[in-house]
Amino acid sequence: MLKKHRDLRNKIQWFIDGGMFSLAFFVAYFIRSNLPPWVPVHLLGGTSEISPFTDYLLPFIVVMPLSILVLATVGFYNRPLLSGRKMTTLLALKACLITPLCLIITMFLSRGSTDNMARAVPLIFGFVSFTFLLGKEEVVSHVLRHSISKGRFRKRIIVVGSGSSINEFKNHLASRGHSEFEISGVFDPTLESLDNLPQAIHHHSTNAVVISAKNILFSDVEKIVHFCELEGVEVWLLADFIKTNISRTSVDDLYGQPTLVFRSAPDLNWQSIAKRALDFSGALILLILLAFPLAIVTFLIRVTSPGPIFFHQMRSGLNGKPFRMYKFRSMVTNAEQKKHELAQFNEMSGPVFKISNDPRVTPFGRFIRKYSIDELPQLYNVLRGEMSLVGPRPLPVDETLAFDDYSHRRRLSVKPGLTCLWQISGRSNLTDFSEWVRLDLEYIDNWNFWLDLKILIYTIPVVLAGAGAK
């Protein structure tokens, strides 16, 4: 199934599932309202009385978008079209545990107190929603399997390509159990004339022609597309003539020109927009809340050691573009000149310089580095859009230029950040630059908005524990 068809199917599922969860909440309230007197609801900390449904309007309104978000987050919509019962049940159970928990928090905040709140409603809701969701999936699965077995919803395709590429495509479909396709014919342009292709399309009543272009002349591809244009038959051109290891491939439009895009970094989508909104609002709020403590730090730096308050240095930003990064000065003023004298004590492999108990660090500088206070001026860089709250730590430009492995530069494919996986994974103990890069690339390859939130939450105890730079 093409991605756009999967997306359409998922959007339909969103409305169905969201409506079903809303109905489950109403049913849960109805069940709780009509429980017989002998049911021990007091064991849940509630009372026999229950407020009118109007008091539950906020969680009722929230439940539809919340359930869709939770289902999408746990991967419910990323399953194969005909997934097994075990996978469906586990994902549904996870979603139906998280959603009621979020509703309990919503109900608590909406009421301002837990007094007289029917705690049984979200618990019953979890059970009812789980039952509804599994029931719907069983019905949908039965209908799909029956329809596919009868030949409905099954697309008849002709595969065009060389013998080896045709076999690769067949094996690819078979390995994923895509029974919604029926390969009604194969066509090898190296063995027969393309003029025979229209007759094959007519004979098999073909819905689409799949072209494996790996071993076909582009002039032949153009001719096949022209045939299918005249017939009104879809053409699916496989970009298997280019092998990628990391990049995700998408088709776009560049001022009217069909364009294949190979991307190994996160794409621009609603999550990346949410990330930028979180960066700006989070940095602004932190700067306002920390204004007085930052003023105290500024004063203490001034009185404890001679030199400027701030340290600034050119660092490598997005795609390597240099930007001026700011920190509270934690070292002596001639620290950069002394760096060459200490090069022999470098504990980090690769182009990065790092030593424990750095003699260039001032006494107060050691304190602010321990609790990462020296990094707080970078909130200004976040406001300017040069950095993000979460992302690979920015390296000095000269260290970036010293990379001896081009693959290390992929860590520059996203904005640098204040914190990242490296920092919450024992940043003071890492001495292997390759491991540092591996963690950065793991972040990039698995990035989503929720991962950023998770890293931010885990950063708090790391900072409070004083696990900052030494």
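Below is a table of values for the structure above.
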read-out: Number of the exception - Thr400 against (1) hydroxyl-bearing (Ser, Thr, Tyr); (2) in contact with a Ser or Thr (Cβ under 6 Å, 6 or more places away or on another chain); (3) in a loop (DSSP other than H, G, I, E, B); value: (3)
read-out: Selection within region 354-377 - in a loop (DSSP other than H, G, I, E, B) and closer than 14 Å to Leu300 by Cα; value: Thr362
read-out: Residue list for region 423-470, restricted to those being of a type in the set (Phe, Trp, Tyr) and modelled with pLDDT under 80; value: none
read-out: Given (1) surrounded by 13 or more Cβ atoms within 10 Å (Cβ to Cβ); (2) at pLDDT 85 or above, index of the condition Lys86 fails; value: (1)
read-out: Flag for Ala208 being closer than 27 Å to Ser83 by Cβ and either buried (at least 16 other Cβ atoms within 10 Å of the Cβ) or in contact (Cβ under 8 Å) with a residue 24 or more places away in the chain (or both); value: yes
read-out: Every pair of residues 6+ apart whose Cβ atoms lie under 8 Å, when the first sits in region 265-277 and is under 18 Å from Asp445 (Cα atoms) and at pLDDT below 90 while the second is among the charged types (D, E, K, R) and surrounded by 13 or more Cβ atoms within 10 Å (Cβ to Cβ); value: Ala265/Arg410; Asp267/Arg248
read-out: Any hit, region 109-116, residues being at pLDDT below 80, under 29 Å from the mean Cα position of the chain (by Cα) and either not in a loop (DSSP other than H, G, I, E, B) or not assigned by TED's automatic domain parsing to the domain that holds Thr54 (or both); value: yes
read-out: Checklist (1) within 25 Å of Asp405 (Cα to Cα); (2) more than 31 Å from the chain's Cα centre (by Cα); (3) in a helix (DSSP H, G or I) applied to Glu347, failing item; value: (3)
read-out: Candidate set: region 121-144, residues that are under 22 Å from Thr106 (Cα atoms) and of a type outside the set (A, V, I, L, M, F, W, C); chosen: the one surrounded by the most Cβ atoms within 10 Å (Cβ to Cβ); value: Ser129
read-out: Members of region 230-249 found to be surrounded by 11 or more Cβ atoms within 10 Å (Cβ to Cβ) and either without any contact (Cβ under 8 Å) to a residue 60 or more places away in the chain or in contact with a Pro (Cβ under 6 Å, 6 or more places away or on another chain) (or both), listed by number; value: Glu231, Val233, Glu234, Val235, Leu237, Ala239, Phe241, Ile242, Thr244, Ser247, Arg248, Thr249
read-out: Qualifying position, being polar (S, T, N, Q) and in a loop (DSSP other than H, G, I, E, B), among Thr249, Thr259, Thr206; value: Thr206
read-out: Evaluation of Phe323 against (1) out of contact with any Gly (no Cβ under 9 Å at 6 or more places or on another chain); (2) within 28 Å of Phe299 (Cα to Cα); (3) outside any loop (DSSP other than H, G, I, E, B) (one fails), failing number; value: (1)
read-out: Residues of region 279-316 satisfying the condition of being in contact with a Ser or Thr (Cβ under 6 Å, 6 or more places away or on another chain) and over 21 Å from Arg384 (Cβ atoms); value: Ser305, Gly307
read-out: Some residue of region 292-308 being surrounded by 13 or more Cβ atoms within 10 Å (Cβ to Cβ), in a helix (DSSP H, G or I), under 27 Å from the mean Cα position of the chain (by Cα) and polar (S, T, N, Q); value: no
read-out: Per-region count, region 439-450, residues assigned to a helix (DSSP H, G or I) and either of a type in the set (Val, Ile, Thr) or touching a residue at least 40 places away in the same chain (Cβ under 8 Å) (or both); value: 6
read-out: Unmet criterion (only one of (1) in contact with a Leu (Cβ under 9 Å, 6 or more places away or on another chain); (2) modelled with pLDDT under 85; (3) outside any helix (DSSP H, G or I)) for Ile148; value: (3)
read-out: Sole exception among (1) in a helix (DSSP H, G or I); (2) among the basic types (Lys, Arg); (3) over 26 Å from Leu300 (Cβ atoms) for Lys415, by number; value: (1)
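Residues are listed down the side, and each one gets a yes or a no for (1) crowded, with 18+ Cβ neighbours inside 10 Å; (2) over 22 Å from Ser272 (Cα atoms); (3) of a type in the set (A, V, I, L, M); (4) not assigned by TED's automatic domain parsing to the domain that holds Trp450:
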{"site": "Gly320", "(1), (2), (3), (4)": "no, no, no, no"}
{"site": "Asn357", "(1), (2), (3), (4)": "no, yes, no, no"}
{"site": "Phe403", "(1), (2), (3), (4)": "yes, yes, no, no"}
{"site": "Arg411", "(1), (2), (3), (4)": "yes, no, no, no"}
{"site": "Val414", "(1), (2), (3), (4)": "yes, no, yes, no"}
{"site": "Gln423", "(1), (2), (3), (4)": "yes, no, no, no"}
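The values are calculated or read from the model by the stated rules, or taken from the named source; none is laboratory data. Note that the structure is a prediction, hence the values are computed from the model and not measured. Cβ: placed from backbone, ideal geometry, glycine included. Neighbour counts: every protein chain shown.
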